[in-house]
Amino acid sequence: MTEAMTFKFKFLDSDGNEDSFLSKAGALSPEGLVLGEENLPVEAVQRATLHNRRFILMELYGGGEGRTHVGLSVTKGAAADLVKALNALASARQAKNHRAQLEEAGKGALFRFARCPHCRATVNLSEVPAGEQTACGYCDRLFSPEHRAPDGEGDFCLCDQCGYYGRVFPRTVFYFYFLFVLWGYQSEEWSACSTCMRKKAGWMVLANLLFLIGLPNALYQYFRSVRAIEFDRSDFMGLEKANGLVKSDKLDEAVAYYQRLTRSLPLAAGVYYNQGRAMMEKGQAQAAVEPLETALTQCGNFYPAYHLLAECYETLGQDQKRAELHKRYGVESTSEG
């Protein structure tokens, strides 16, 4: 990043509402983030996330005045580009500082990192088990070495709604109503996988049938989701169909799809995670262990798989394996968790 990114914004209060009528001027550069009259160093930002296309939530490392978060409503400028640039700068600075700390402690050889091809963030891989795939904690995507990356890998991550690995996009949820002299609408951006969106869009169609104005968007979102599930031709073909089968209590059919994908994909930590999660949810903890262990072997910093595998070991009473898993990740194991 060579030139400063300028934008207009309003701060968000603790309830998520804009705290002023007029916008303030903001700028992001390698030196830091200027927010009106306030300067926020890049290294103070742990992570920034985007919500509803224009709201930014920044998690801070013990920010000024004891703050842990700062919320912004971007009124002018590309909020998505701002989040990517901020995470890229902050993660690179954090990795640089961590490397210096390791070298000072005589452990410089432990430093490893990868750069996410989807959001340009620097992922610190020091002191975690190695794997061919990498999980980006900034855009929540998994990525593989370029020569082994499946087609469309950047479209997939864990769904905020159901927790399964799937094709996730922001979708517009819109309802319109008219009651004599009273009318109104509700609109929001909803980030979800196609399986969750198909169910949501089905309700949208029913809710908008009476007043029609919201019906075109509801039908578009519904058929867009159906197409993504039933007519997917990417390397992940069948994944979201399998996720839907799990939610319909058809575990055996879902597992058959998952296993077909893991045989065809060179690296598939997300698919193995789904298989393990599905088995765990259906009370088959022993069967969930192998796919979750494979997910962590392929992607050492895939922490959702780590936490779920630890839960499996606890359910099965395999305390030694659970302790060994925690030790590999530098976590002190206790009898409580």
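Would you calculate a helix-derived [θ] at 222 nm for the chain, using -39,500 (n - 2.57) for each DSSP H run of n ≥ 4 and dividing by the full residue count, to the nearest 500?
Only helices count here, giving -12500 deg cm²/dmol.
Between L110 and T49, what is the FRET efficiency for a Förster distance of 22 Å, r being their Cβ-Cβ separation, to the nearest 0.05?
Once the sixth-power term is evaluated, E becomes 0.20.
Express in nm, to one decimal, how much length is gained between S20 and E314 on full extension, taking 0.36 nm for each residue of separation and deducting their alpha carbon distance.
100.9 nm
Full extension from M5 to D252: what is 0.36 nm times the residue separation minus their Cα-Cα distance, to one decimal in nm?
Stretched fully, the M5-D252 segment lengthens by 83.8 nm.
Quick check on the range 116-155: take the gyration tensor over C-alpha atoms, sort the square-rooted eigenvalues as a ≥ b ≥ c, and tell me if it's rounded (a/c under 1.5), prolate or oblate.
oblate
Stokes-Einstein D for the range 5-90 at 4 °C, 1.567 mPa s, Kirkwood Rh over Cα pairs, in µm²/s?
102
Restricting attention to the alpha-carbon atoms of the chain, what are Rg (one decimal) and Dmax (integer), both in Å?
When restricted to the Cα atoms of the chain, Rg and Dmax are 22.2, 75 Å.
Are there trypsin sites (Lys or Arg not before Pro) in the range 201-240 that DSSP puts in a loop and that have at most 12 other Cβ atoms within 10 Å, and which ones?
Counting only loop positions with at most 12 other Cβ atoms within 10 Å, the trypsin sites (Lys or Arg not before Pro) in the range 201-240 are R233.
Would you calculate the separation in nanometres between label points at Q284 and E324, each defined as 7 Å from the Cα along the Cα-to-beta-carbon direction?
Rounded to a tenth, the inter-label distance reads 2.4 nm.
So, R0 is 22 Å and r is the distance between the beta-carbons of R260 and D160; what FRET efficiency does that work out to, to 0.05?
Between R260 and D160 the formula returns 0.25.
Using a cut-off of under 16 Å, list every residue of the range 141-160 whose amide N is near the label point 7 Å from the Cα of L57 along the Cα-to-beta-carbon line.
159-160
Compute the relative contact order of the range 1-49 as a whole-number percentage, counting only Cα pairs closer than 8 Å that sit 6 or more residues apart in sequence.
29
Readers should treat all values here as calculations from the given coordinates under stated rules, not as data from a laboratory. Because the structure is predicted, anything quoted here is derived from the model rather than measured. Please note: Cβ atoms are built from the backbone with ideal geometry, for glycine as well, and neighbour counts cover all protein chains shown.
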